[in-house]
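The structure under discussion appears below in the form of structure tokens.
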Amino acid sequence: MTGSSPSRGQSYHWATTSPQRTVLEEILSDDRNSEARHRFLLEAAKREHERVREEAERVYREQLQKEERQRLLDARRKEEERIRLEEELAADRARLNALKAKKIEIPPPLPEPEPSAPPTVNGKASAPALSEKPAPVQSNGATAKSVPASKPSAPPIPSPPQSQAPATALNKAPEPEKPANSVLSVNGLVNRTSRVAGATPDAGTSLPVPQQPIQARPDRYAEIHKNLKMLRKFMADQAKTNPALKGRMGDMRREIRKSVGQLTVTQGVAGVNKVQQQNIFKLLREALSNQVQSQLMDPSNFVLEPRNPVEGAAHNEPALPSIFLYLINIFAKAAISQFINESGARPETADPVGVCVVATLSEPDFLWRGVSLIDILLAKFRIVCPVLFGYRGNEKTEQGRQRLGWWKDSGRWVPEQQHMDRMTGLGAGFAAISLRNFAMSKKTNPYPPREYWAAMARIVNTPAAEISNTQCVVLKAMVEGYEQKFIEFYGTAAVEALRTALIEFPARAPQKSAAVNSLEVLARSLKRDTGLVLG
Amino acid sequence: MADLASRISKPSDAPADDGAAPAPAAADGNGAEKPVDEGTNSGLVETSYDVEVKLSDLQADQDSPLYSVSSFEELGLPKPINDGLLAMNFKKPSKIQERALPLMISNPPTNMIAQSQSGTGKTAAFVLTVLSRVDLTKPTQPQALLLAPSRELARQIQGVIQTIGKFCENLIVEAAIPGSISRETGVKGSVVVGTPGTVMDLIRRRQFDVSQLKILVIDEADNMLDQQGMGDQCVRVKGLLPRTVQILLFSATFPDKVMNFARKYAPNANEIKLRHQELTVKGISQMYMDCPDESQKYDILCKLYGLMTIGSSVIFVKTRESATEIQRRMEADGHKVSALHGAHEGQNRDALLDDFRSGRSKVLITTNVLARGIDVSSVSMVINYDIPMKGFGDKEPDMETYLHRIGRTGRFGRVGVSISFVYDRKSFEALSQIANYYDIDLVQLSPDDWDMTEKKVQEVIKSSRARPDYAPNPLGN
């Protein structure tokens, strides 16, 4: 208290005497014991007392307010935590239900799976969604009629034998969506909401359309691939008569290739590849501006389905500069080539390339009629790594190898190790592209995680007699290093899928080759290194 | 159901698509697969399907360093070791492994002097031998000693042992390099990898009990035994070991004069040797760039990265100064670079090399300190910014170093490119001598028209892959 009342002596001095007077003088002064002075002192003491009390009260009030604020904050946090936990619980339960439901449903249907189906189910509550799922899928399949690629895809999780493959495929492909649905209904986790969000708009607009064809007519990719070759020739011809184009095209191509080659593993550090990413954007924008006066071209040649103008899209025109399409093609080619040449030896190098690919092909400026041009990249994937799209083959036969994407050089099959290296790089590259999280992005994911699920399903649902080493190698590369991302997207369903891929699938393989065994070894490595127990 | 199932399991013309939707999909499928399936596959699906791949196509050349037929399982390796190999994507042994392993792991232990091209699996060969000899019930008793010429190489070998041995319980691998063994405890591992000087010190200070060593491996043996200081140390180390120790000497190069010494060092050894014309790896496309003058080498260097798809790359230079300058220029061009040379201290060197190994940097600029042994599988281009020279006043080309340098790429049958820069008469003649010695056709590149140069490089890469004797194999490490 004394400490808080330092003003007493001073105020007295101030009121009664000049500041210069000394204490001694005061003591010795005449009115030292006068009544007036006594009163005055009393008055001063009272005022001081009040001041101190007011101050104390003010501090007290402030403290109370502070505490109240803190209490509210804590309460809110607690509440949020509770909601989060509940959401998680709900999601888990939904997933569990989904799994249960799925297992039961396996036997009956023979229809064709339709990945696009899931989005439509989005609104449903988790449990009903499950049961409903198969239904929409089937109807979709029916409408789609030819769903070739999907056929290979069979039940992911089901232990059922090969024969049922197609039927279960249905369940499998849609399945990924289930967790999302359930979460959605709970107004879910950022993660999943976003993913669903990505999917939902698609469903509304154009995605479902392209989606269907992916499954229905896989060879559209081959057509696109052919068209891209024509495009290359077309550009070379243009360059002969257009010196401006000739002068710039080669440099741009080499710059893109260089930038893709410069991408390095980030290990969680942001911005490591910013310079390269911006350089690629800059080159593609330059191409869009068409200063070199390349001829215009209809992008329909390079997408799965015809597209109509979309409101708000940056490019609705019926044709784009051919140099731009060419450079997108070069970019896709550079990425694939990086997967083959670099990631084949070191799969972890695929990740930054995948990030760059998805970031570039989702950039609003580079969309055509509101949708990504990623089909150009997928067409290449379809050619170099067909097993991702459900193709199968026997490695001991000419045709089988051809179907598996076993490369030929000068008329001879490339050696086995080179083939397996390629497949490793491409499997890792596919995962790097399809397992990207767009939760925090305003952009639309051009190739959402359900594509990863579908591709995995197509491989693991292969009838035992047709399992090939190529598939095992691709599957291993898809999984290794991506198990965490996969589980983040699909939760328990992902764990179940991993069990199917790394335990059941190799167990079914008739020949225990090194490639088959390495899947089981991967399961053991996961257990050892991450504690994830699948078996 | 049955109907559908049967259609699915039949691997007929269209891959997977025809099952569910026979008509349209099959048509599409044929479109895509015309070349192979049309003629043969239209009628009798099953028979046409039985056309076997002509294996002779693939493995015509039995002398290829990577050709092999057997499997690791046939070598009788314990399961944990085999699992470790599978986890590393090793699927089949390479030639050197297939030939040398049975000799090395048989009993009684026999010495071995083995030569094989760079990137053909020498390290894995001796690591497998070491692992098969170590008694894991005595995890802290040193039983195997591996010597390497540099700390980087020693750490790399340590890493390989740990990776292949990751399913081996109780395997302790220690690196006997400066600053890594505690003075208090001494060496407490069943396998010890080190540089000769440090190993000598440890043994002398009685911090390394060599009484139960069963096996001694010397990697880059020609280099180790030939160098003044290191050769002496190797001899002294051997003198301190039990007489029964099995000695394995490995290198990609064994000049004749070193070979005699090697035979004394490892008496009665089995030998696997190569002629020097066989030494270069066929998968590496070797080219040279004709630079107008020395000052333009920097700019030309940066341009190379647009010509082809490059994973990681190594640039060999003569001086630390040019290493620093190249680093500056390349970083300005967007590359992430590690520059590593003798000026750096041990720990710092470790960190720089780790950046490169882990892929945080993709360009390694170095002087000769790293010419040998360093294995980063994704290196797809090696540049001799300066031609390697040796002797007084750099008067003659250094054949061995050239070979070891370009051997940093093309690992395990992968595609690799080496480009040597020449800019004056001396560098041109030095490179010509190297080319003659190894009997290689160097392809000339010119910096005048990059469109043309790009085309040429692509063709060279393609043709080297298609070369008949280029037969890579399943080993990837």
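The values are calculated or read from the model by the stated rules, or taken from the named source; none is laboratory data. Everything numeric in this text was worked out from a predicted model, so none of it was measured. Cβ sites come from the backbone with ideal geometry, for glycine too, and all protein chains shown count toward neighbours.
Output the number of residues of region B:160-182 satisfying the condition of being hydrophobic (A, V, I, L, M, F, W, C) and assigned to a loop (DSSP other than H, G, I, E, B).
6
So that you can scan it fast, the table gives a plain yes or no per residue for (1) more than 30 Å from A:M252 (Cβ to Cβ); (2) not hydrophobic (A, V, I, L, M, F, W, C):
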| position | (1), (2) |
| --- | --- |
| B:R357 | yes, yes |
| B:N368 | yes, yes |
| B:K390 | yes, yes |
| B:V415 | no, no |
| B:L445 | no, no |
| B:D451 | no, yes |
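Within region A:399-457, how many residues are of a type in the set (V, I, T), buried (at least 24 other Cβ atoms within 10 Å of the Cβ) and within 9 Å of chain B (Cβ to nearest Cβ)?
Counting residues in region A:399-457 that are of a type in the set (V, I, T), buried (at least 24 other Cβ atoms within 10 Å of the Cβ) and within 9 Å of chain B (Cβ to nearest Cβ) gives 1.
Can you say whether A:V260 is outside any helix (DSSP H, G or I) and within 10 Å of chain B (Cβ to nearest Cβ), as far as the supplied structure shows?
No; evaluated as a whole, the condition is false for this residue.
What are the residues in region B:294-347 that are outside any loop (DSSP other than H, G, I, E, B) and of a type in the set (A, V, I, L, M), if any?
B:I300, B:L301, B:L304, B:V314, B:I315, B:A323, B:I326, B:M330, B:A332, B:V337, B:A339, B:L340
So B:D290 ticks every box in (1) within 18 Å of B:M381 (Cβ to Cβ); (2) surrounded by 18 or more Cβ atoms within 10 Å (Cβ to Cβ); (3) more than 14 Å from chain A (Cβ to nearest Cβ) but one. Which box is left unticked?
Only one criterion in (1) within 18 Å of B:M381 (Cβ to Cβ); (2) surrounded by 18 or more Cβ atoms within 10 Å (Cβ to Cβ); (3) more than 14 Å from chain A (Cβ to nearest Cβ) is unmet by B:D290, namely (2).
Mind counting the residues in region B:144-158 that are polar (S, T, N, Q) and touching a Leu at 6+ places or on another chain (Cβ under 6 Å)?
Final tally of qualifying residues: 0.
List every residue pair whose Cβ atoms lie under 6 Å apart, where the two residues are 6 or more positions apart in sequence or sit on different chains, the first residue falls within region A:489-513 and is over 13 Å from A:V479 (Cβ atoms), and the second residue, located anywhere, is among the hydrophobic types (A, V, I, L, M, F, W, C) and part of a helix (DSSP H, G or I).
Cβ pairs passing all conditions: A:R508/A:A464; A:A509/A:V516; A:P510/A:A464.
Of the conditions (1) surrounded by 19 or more Cβ atoms within 10 Å (Cβ to Cβ); (2) at pLDDT 95 or above, B:N477 fails just one. Which one is it?
(2)
Residues A:T530, A:T470: which one is among the hydroxyl-bearing types (S, T, Y), modelled with pLDDT of 95 or more and in contact with an Asp or Glu (Cβ under 9 Å, 6 or more places away or on another chain)?
On inspection, the qualifying residue turns out to be A:T470.
Go through region B:195-292 and tell me which strands (runs of 3 or more DSSP E), entirely inside it, have 1 or more residues that are under 24 Å from B:S182 (Cβ atoms).
Ranges flagged: B:215-218.
Just to be sure before I move on: is A:F430 in the same structural domain as A:R392 (by TED's automatic domain parsing), in contact (Cβ under 8 Å) with a residue 24 or more places away in the chain, of a type in the set (F, W, Y) and more than 30 Å from B:S377 (Cα to Cα) in the structure I sent?
It is false that A:F430 is in the same structural domain as A:R392 (by TED's automatic domain parsing), in contact (Cβ under 8 Å) with a residue 24 or more places away in the chain, of a type in the set (F, W, Y) and more than 30 Å from B:S377 (Cα to Cα).
Can you pull out the helices (runs of 4 or more DSSP H) entirely within region A:433-535 that have at least 2 residues that are touching a helix residue (DSSP H, G or I) at 6+ places or on another chain (Cβ under 9 Å) and polar (S, T, N, Q)?
So the answer is A:469-479, A:483-499, A:514-530.
Against the condition in the same structural domain as B:V443 (by TED's automatic domain parsing), of a type outside the set (S, T, N, Q) and surrounded by 21 or more Cβ atoms within 10 Å (Cβ to Cβ), how does B:L304 come out, does it pass?
Judged against the criteria, B:L304 is a match.
Looking at B:D424, B:D394, B:D350, which one is modelled with pLDDT of 90 or more, among the charged types (D, E, K, R) and surrounded by fewer than 24 Cβ atoms within 10 Å (Cβ to Cβ)?
B:D424
Can you say whether A:L373 is under 22 Å from the mean Cα position of the chain (by Cα), outside any helix (DSSP H, G or I) and closer than 30 Å to A:N461 by Cα, as far as the supplied structure shows?
Yes; evaluated as a whole, the condition is true for this residue.
Just to verify a result, which residue in region A:263-276, among those that are surrounded by fewer than 19 Cβ atoms within 10 Å (Cβ to Cβ) and part of a helix (DSSP H, G or I), is nearest to the other protein chains (Cβ to nearest Cβ)?
Filtering first and then ranking leaves A:V275.
Within region A:248-269, how many residues turn out to be touching a residue at least 40 places away in the same chain (Cβ under 8 Å) and either farther than 20 Å from B:D333 by Cβ or of a type outside the set (S, T, N, Q) (or both)?
10
Please return the ranges of helices (runs of 4 or more DSSP H) entirely within region B:66-148 where 2 or more residues are among the charged types (D, E, K, R) and within 26 Å of B:V415 (Cβ to Cβ).
Once the helices (runs of 4 or more DSSP H) in region B:66-148 are filtered for at least 2 residues that are among the charged types (D, E, K, R) and within 26 Å of B:V415 (Cβ to Cβ), what remains is B:95-105.
Run down A:L388, A:L378 and say which single residue is under 17 Å from A:S468 (Cα atoms), more than 7 Å from every other protein chain (Cβ to nearest Cβ) and either free of Cβ contacts under 8 Å to residues at least 24 places away in the same chain or not in a loop (DSSP other than H, G, I, E, B) (or both).
That would be A:L388, the only listed residue that is under 17 Å from A:S468 (Cα atoms), more than 7 Å from every other protein chain (Cβ to nearest Cβ) and either free of Cβ contacts under 8 Å to residues at least 24 places away in the same chain or not in a loop (DSSP other than H, G, I, E, B) (or both).
Could you figure out which of (1) buried (at least 22 other Cβ atoms within 10 Å of the Cβ); (2) more than 9 Å from chain B (Cβ to nearest Cβ); (3) free of Cβ contacts under 8 Å to residues at least 40 places away in the same chain isn't true of A:W368?
(3)
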